[in-house]
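See below for the structure under consideration.
Taken together, the values in this text are just the output of simple stated rules run on the coordinates, not laboratory data. Just so it is clear, the structure is predicted and the values come from calculations on it, not from any experiment. As a convention, Cβ positions derive from the backbone with ideal geometry for all residues, glycine included, and neighbour counts pool all protein chains shown.
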Amino acid sequence: MLTASGPVTILSHVPASPLQRIEQLTGRLNRLTTERELAIARSLDDGATWAEVAQPLGCSTQAAHRRYRWLRYNAKTGAVWHELPLPLPL
């Protein structure tokens, strides 16, 4: 359960509707996720190890690898994408 550590301040730019707030926060979360994946992909491209990537994520090396192993980065374009594994032959 989340609790506030002090009085909650209502800002004038915050949407009045809780549903609008959810939409706003989801957009922010998606942008932050994209930025984090870019930073991870660039770190790996620069030669960082999975242990080095895992430390600031606050997870184990194995967890970082499992979650981000399919990230790819193109240094020329700055593009990041998820490359799915090849299908297993039948």
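For the pair ARG21 and ARG67, a Förster radius of 41 Å applied to the C-beta separation gives a FRET efficiency near 0.90, rounded to the nearest 0.05. FRET efficiency for the pair LYS76 and GLU35, taken as 1/(1 + (r/R0)^6) with r the Cβ-Cβ distance and R0 = 25 Å, rounds to 0.80.
The alpha carbon gyration tensor of the stretch 22-82 gives principal lengths a ≥ b ≥ c with a/c of 1.5 or higher and a/b no greater than b/c, which makes the shape oblate.
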